[in-house]
Structures are given as structure tokens and as C-alpha cells.
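Accompanying notes for the structure given below.
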């Protein structure tokens with residue numbers, strides 16, 4: 001609670017500073033503070049600079065975005081919202097329902113955004129037919145990232161199912177390499193568990209459990225086995241993982257200090273920032289057992305009601321973000337796929353091409369599902385309850401898979 005209080009105080013000081021914003025300034029609140037993320041955001045900054053707009057960063061560290069949402073809440077409450085804020089879906093819906101978002105529907109209609117953005121994403125960008133946010137990308141979380149040289153050193157091959165993944169991690173362990181790079185933070189552990197559940201039970205089970213919140217699925221033997229599989233992967237993590245930032249775990253794979261990481265494709269932005277090439281320096285595979293499905297999140301820019309002299313900057317930011325050029329440039333660096341479905345994959349590397357193809361295929365066949373760990377399957381209260389149980393299990397506070405299932409059902413029912 002002391003940390004939260006400090007964040008809120010800092011947010012209020014940021015909020016008071018927002019008064020200085022002028023008509024040619026774009027003030028952006030975000031949590032993109034890693035090297036790859038900052039490089040991607042510079043694509044948007046540079047495109048706006050060409051139009052005569054200055055940029056004022058309001059960065060809030062923390063990969064899951066929780067601290068940023070606390071800062072945003074304080075700024076809005078103080079009557080000084082940013083031009084826009086990076087935001088996740090259910091948070092955007094809350095601000096829209098509260099009447100705090102600007103109406104950018106005319107821009108959406110002019111640009112035919114409804115025709116090129118997946119319907120699943122439009123659930124979060126629109127309320128009652130009014131657009132208040134735009135998606136800058138589509139991330140998917142069910143990936144593993146592997147150091148190619150280390151893979152070759154241990155004689156490994158792409159794992160096609162969970163058991164083969166465990167066998168691959170065993171090979172790394174025997175070779176004296178950290179098998180699995182992980183940051184021991186709740187959102188990271190839950191992100192890995194998302195993929196484990198989809199692998200263990202299949203995408204239909206994932207949907208039943210985490211999208212539908214079907215209690216029979218949540219308390220099933222399949223969920224228990226999912227926790228058992230989480231316990232197996234926990235055995236391949238190094239002892240210093242607690243509290244590690246996600247990008248530092250990625251750096252372990254980049255340097256060859258670890259074989260693999262289970263993480264969303266924002267990890268690819270870190271490989272790019274380190275001048276590593278897909279297929280040459282690193283390998284990307286769907287989490288074993290989840291090929292054909294995409295557990296997604298999307299980073300959106302939400303636009304708040306601001307004074308008339310600041311609205312031109314909002315329009316410029318929205319149009320620029322949705323332009324094909326920025327969608328391509330941003331996502332090549334960020335590691336994600338464009339939010340627009342009408343963009344060619346020609347400029348993307350092998351991992352990017354696979355991401356784009358997978359998203360289109362999954363969107364067509366109904367296996368494009370929101371990630372619970374990334375706040376796209378359920379509202380934040382449910383996701384937080386999920387985090388709590390998963391992280392207690394990983395850190396040994398919940399001793400058995402049976403107990404984990406019981407606590408997961410109770411926590412989700414309480415949070416609904």
C-alpha cells in the first residue's frame with residue numbers, strides 16, 4: 001500500500017504539470033520503458049514531428065501497466081488528462097462508460113477502421129458505436145523464444161507438445177545452461193500459465209475456463225493438470241528469478257545465459273534492439289501445443305476529453321497511429337503484428353510473418369482469444385485474482401495443484 005500511495009502522489013505531480021500542454025504538444029502516458037519499446041514508440045513520435053507536433057512523454061515503469069493506470073486515474077481525477085494514454089481493453093471501457101473519453105468516431109468512419117480492425121478488438125475501442133481508442137498493435141502471448149546457438153549446442157529441436165518442451169529444457173539443464181528465463185512477477189507468471197492452460201486443455205478448454213468462466217472447467221482435472229505442468233516448468237528456472245523484469249529475462253536468452261523464455265512477442269522487440277535476427281540468432285515458436293490459436297492482447301491509445309485547443313493533437317495522433325506506415329514501422333520494432341488486417345507482411349521477419357498469418361487464421365476460425373493474464377479475457381479484478389493464485393503457487397505459498405484449483409475457483413468467484 002505504501003508503494004501505491006507513492007505512485008499516486010507522483011501521479012498528482014505529473015497531473016499538475018499537464019497544465020503546460022499546448023495545442024501542438026502530444027502528451028502520452030505509457031509504460032514502454034524497455035529499449036525495444038522505447039524504440040518502437042519513437043516511430044510514432046517522429047511521424048508526428050513531421051507534422052509539427054512536439055512530444056511530451058509521461059512514462060511509468062512497470063511491464064504490466066498497473067502503475068501507469070494508477071497515474072492515469074490521478075491525472076483524470078485532477079482534470080488534466082493526457083492527450084492519450086496507452087491502455088488495456090477493460091480500462092478503456094471503464095473510462096468510456098464514465099464519459100471520460102473523446103469521441104473520435106468521425107475519424108474512424110473516414111478511415112473505415114471497422115473494416116480493417118478485428119471485431120474482437122473493436123469490443124474495446126468502441127462503446128455504443130462510438131470510438132474512443134485505437135489499437136496500435138496485436139500482441140500474442142503464447143510464444144517461446146530460444147537462443148539459436150544454445151539450441152544447436154544442446155542438439156535441440158522445435159518442441160511440438162508440452163512433454164517435448166520439458167525434454168528440451170532437460171537437455172539445457174544437463175548442459176549447464178539455465179533452461180528457462182523467467183521474471184518472478186505475478187503478471188509474468190500468469191502470462192506463462194495462460195499458455196500452459198491452452199496447451200494442456202486445448203483452446204476450447206481455455207475459452208470455457210477463462211472466457212466463459214465455466215466453474216466445471218475451472219475446477220476440473222484439466223486445470224489441476226495445468227498447475228502440475230506449471231510446477232514442472234518452475235523446476236527449470238534459476239534461483240535468482242524473483243522480481244526480475246521481463247526484459248532482463250529476455251536479455252538472458254539474447255546473451256545465451258538461458259535457452260528459452262515464455263513471453264509475449266514484445267520480447268522480440270528486445271532481440272531487435274540488440275541487433276539480433278530471427279532465424280539466425282533466435283527462434284520463435286508457438287508455445288508447444290498451442291499452434292493454431294492466438295491468445296492476444298492489444299496496446300491501445302485511449303483519447304480523453306480535452307480542451308478545444310488540444311483536440312487537433314488528438315486527431316493527429318489517432319490518424320498517425322492508424323496509418324499503414326506507422327503500423328508497419330512501429331510493429332516491426334515492437335515485435336508485434338499490426339492491428340490492421342489489410343497490411344502486407346513483406347517488411348516483417350520470419351517471426352513477424354508467422355504472427356500476422358497466425359492472427360488472420362485464428363481470427364477466421366474462432367481461436368483468436370483474449371489473454372486472461374493480459375486483461376483481455378476478463379476485467380482487471382478477475383485478472384488480479386488470477387495473478388494472486390498463480391504467483392502464490394509458483395512461490396510455494398500454495399502447496400498443491402488441488403489447493404490451487406480450489407483457491408482459483410474461490411478467487412475468481414469473489415472477483416466476478
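Quick check on my filter: what residues within region 373-397 are touching a residue at least 60 places away in the same chain (Cβ under 8 Å), more than 15 Å from residue 211 (Cα to Cα) and in a loop (DSSP other than H, G, I, E, B)?
Once the filter is applied, which keeps residues that are touching a residue at least 60 places away in the same chain (Cβ under 8 Å), more than 15 Å from residue 211 (Cα to Cα) and in a loop (DSSP other than H, G, I, E, B), region 373-397 yields only 395.
Do you know which residues across region 292-317 are surrounded by fewer than 23 Cβ atoms within 10 Å (Cβ to Cβ) and under 21 Å from residue 120 (Cα atoms)?
292
Can you tell me which residue among 76, 136 is out of contact with any helix residue (DSSP H, G or I) (no Cβ under 6 Å at 6 or more places or on another chain), under 22 Å from residue 55 (Cβ atoms) and in contact (Cβ under 8 Å) with a residue 12 or more places away in the chain?
76
Taking residue 238 as the residue in question, decide whether it is touching a strand residue (DSSP E or B) at 6+ places or on another chain (Cβ under 6 Å), surrounded by fewer than 22 Cβ atoms within 10 Å (Cβ to Cβ), over 15 Å from residue 295 (Cβ atoms) and assigned by TED's automatic domain parsing to the domain that holds residue 180.
Against the criterion (touching a strand residue (DSSP E or B) at 6+ places or on another chain (Cβ under 6 Å), surrounded by fewer than 22 Cβ atoms within 10 Å (Cβ to Cβ), over 15 Å from residue 295 (Cβ atoms) and assigned by TED's automatic domain parsing to the domain that holds residue 180), residue 238 qualifies.
Could you say whether any residue in region 247-263 is assigned by TED's automatic domain parsing to the domain that holds residue 204, within 14 Å of the chain's Cα centre (by Cα) and surrounded by 24 or more Cβ atoms within 10 Å (Cβ to Cβ)?
Checking region 247-263: at least one residue is assigned by TED's automatic domain parsing to the domain that holds residue 204, within 14 Å of the chain's Cα centre (by Cα) and surrounded by 24 or more Cβ atoms within 10 Å (Cβ to Cβ).
Yes or no: region 179-199 includes at least one residue that is crowded, with 17+ Cβ neighbours inside 10 Å, out of contact with any helix residue (DSSP H, G or I) (no Cβ under 9 Å at 6 or more places or on another chain) and within 21 Å of residue 412 (Cα to Cα).
Looking through region 179-199, at least one residue is crowded, with 17+ Cβ neighbours inside 10 Å, out of contact with any helix residue (DSSP H, G or I) (no Cβ under 9 Å at 6 or more places or on another chain) and within 21 Å of residue 412 (Cα to Cα).
Between a first residue in region 110-129 that is in contact (Cβ under 8 Å) with a residue 40 or more places away in the chain and a second residue that is part of a helix (DSSP H, G or I) and surrounded by fewer than 16 Cβ atoms within 10 Å (Cβ to Cβ), which pairs have beta carbons less than 6 Å apart while being 6 or more apart in sequence or on different chains?
none
Confirm whether residue 358 is farther than 18 Å from residue 266 by Cα, in the same structural domain as residue 40 (by TED's automatic domain parsing) and either over 19 Å from the mean Cα position of the chain (by Cα) or outside any strand (DSSP E or B) (or both).
no
So residue 208 clears everything in (1) touching a residue at least 60 places away in the same chain (Cβ under 8 Å); (2) in a helix (DSSP H, G or I); (3) surrounded by fewer than 20 Cβ atoms within 10 Å (Cβ to Cβ) except one condition, right? Which one?
(1)
The values are calculated or read from the model by the stated rules, or taken from the named source; none is laboratory data. Predicted model, so just to flag it, every value in this text is computed and none were measured. Virtual Cβ from ideal backbone geometry, glycine too; neighbours counted across all protein chains shown.
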